[in-house]
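Worksheet for the structure shown next.
The values are calculated or read from the model by the stated rules, or taken from the named source; none is laboratory data. Note that the structure is predicted; figures quoted are calculated from it, not measured. For neighbour counting, all protein chains shown are included, and Cβ atoms are generated from backbone atoms with ideal geometry for every residue, glycine included.
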Amino acid sequence: MKCKICKRDAVVKLRAHNAAFCRDCFLNFFSRQVQRGIEQEHLCTKEDRILVAVSGGKDSLSLLFELTRQGYDATGLFIDLAIPASSESARATVEDFCARQGLKLHICEMKKEGLAIPDVKAALKRPVCSVCGKIKRHYFNRIAMEGGYTVLATGHNLDDEVARLFSNTLRWDISYLSCDGPLLPASGKFVRKIKPLWRLTEFETANYAFLTGIEPHIAPCPYSPGASFTTLKAVLQRLEYAMPGRKLDFYQGFIHRGRKGFENMEQDRGHPLHDCPECGYPTSGEDICGVCRIRHQLENREAEA
Ligand code: AMP
Ligand code: FES
Ligand code: ZN
């Protein structure tokens, strides 16, 4: 197998692109896909101050590394959830990586915020994952706003995005389908959110991480029953195998043609937001926001104990 570009021995074969690449040409391909994804959807510019949420996984570490390589002003943000074994080693991975590469990094500790995830889990009667996701998104936004960042970037890749889109489509979830996509524009106290890896598959980011010497944290979260959308990802993988390139076509078709129809439907429904009287960030409920409510719940449990 020879590299499509330089004809040296290839190390990565990509059926969706009908191509194989050597190491250097694959890294160039990866950079071009990130750049195309950013430019095509107007995600960010070199003038933006980008906060990159890094979990220690291959996608978000690759994203922070690649944005910095391309000359973007990118800073990492790690949310330490205080989950035994898992958070500590993920944090060490992120800290070591950023120190070695000279990358800027913020750490935000949920324990100090009164929201250590094991305590949240103990206080809840339902699975902790969705609440944990809500807490992370709250802090992503809040730290970006308070730090004067213009954009918050996450490491979601094409497989994550297509699986989520497919899941929302199966449920015809209009409120998600109206805003799904690699760009969520800023609005009020919500900073702009972007997913610059949306054109790249999990296989491609894994190869990028491997070929650039990134050593990600790979242990799964002990509280998650499995990775998200496992079944849908497997179905989509079979589809992609039979019809290479279909995942990217489906996703691009949605953001360029499909989403518009759902946006129009959602506009009529309107969700009035108000500022949480406690943290000041927007919430759709009448009272304090969900994150402040959980924090109070934990404080009350502690006081009762
Ligand atoms: P996940 O939902 O775990 O697949 O993560 C999706 C994206 O959210 C990752 O690519 C990161 O950008 C971000 N992320 C997840 N967990 C954390 C964390 N603990 N700290 C910072 N960013 C995170
Ligand atoms: Fe939040 Fe596992 S990472 S519950
Ligand atoms: Zn609040």
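Assorted remarks:
- Residue in segment 194-214 that is in contact (Cβ under 8 Å) with a residue 12 or more places away in the chain, under 24 Å from Ile117 (Cβ atoms), among the β-branched types (Val, Ile, Thr) and within 16 Å of ligand 1 (Cβ to nearest atom) present: no
- Test: Gly114 is within 16 Å of ligand 3 (Cβ to nearest atom) and not in a helix (DSSP H, G or I): yes
- Residue count for segment 58-103 satisfying the condition of being acidic (Asp, Glu), away from ligand 2 (no atom under 13 Å from the Cβ) and over 18 Å from Leu197 (Cα atoms): 3.
- Single unsatisfied condition, Arg301 versus (1) part of a helix (DSSP H, G or I); (2) exposed (fewer than 11 other Cβ atoms within 10 Å of the Cβ): (2)
- Inter-residue pairs, beta-carbon under 7 Å, first without any contact (Cβ under 8 Å) to a residue 12 or more places away in the chain and in segment 145-157, second small (Gly, Ala, Ser) and not in a loop (DSSP other than H, G, I, E, B), 6+ apart: none
This table checks each residue for (1) part of a helix (DSSP H, G or I); (2) under 18 Å from the mean Cα position of the chain (by Cα); (3) surrounded by fewer than 19 Cβ atoms within 10 Å (Cβ to Cβ).
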site: Val34; (1), (2), (3): yes, yes, no
site: His42; (1), (2), (3): no, yes, yes
site: Leu63; (1), (2), (3): yes, yes, no
site: Ala74; (1), (2), (3): no, yes, no
site: Phe78; (1), (2), (3): no, yes, no
site: Ala90; (1), (2), (3): yes, yes, no
site: Ala99; (1), (2), (3): yes, no, yes
site: His106; (1), (2), (3): no, yes, yes
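- Scanning segment 6-61 for residues that are at pLDDT 95 or above and among the polar types (S, T, N, Q) turns up Asn28, Ser31, Gln33, Gln35, Gln40, Thr45, Ser55, Ser60.
- Verdict on Ile135 being within 26 Å of Asp48 (Cα to Cα), under 17 Å from the mean Cα position of the chain (by Cα) and in a strand (DSSP E or B): no
- Considered as a group, the residues in segment 260-298 that are farther than 27 Å from Ala122 by Cα, of a type in the set (Asp, Glu) and surrounded by 11 or more Cβ atoms within 10 Å (Cβ to Cβ) include one that is modelled with the lowest pLDDT, and that residue is Glu266.
- Neighbours by Cβ (under 8 Å, 6+ apart or cross-chain): first from segment 273-287, within 15 Å of Lys134 (Cα to Cα); second assigned to a loop (DSSP other than H, G, I, E, B) and within 16 Å of ligand 2 (Cβ to nearest atom): none
- Applying a threshold of 8 Å to beta carbon distances and a minimum spacing of six or more residues, or different chains, the list of pairs starting in segment 125-140 at a residue that is within 14 Å of ligand 3 (Cβ to nearest atom) and ending at one that is polar (S, T, N, Q) is empty.
- Filter pass, Ala206 being out of contact with any strand residue (DSSP E or B) (no Cβ under 6 Å at 6 or more places or on another chain), closer than 29 Å to Leu27 by Cβ and in a loop (DSSP other than H, G, I, E, B): no
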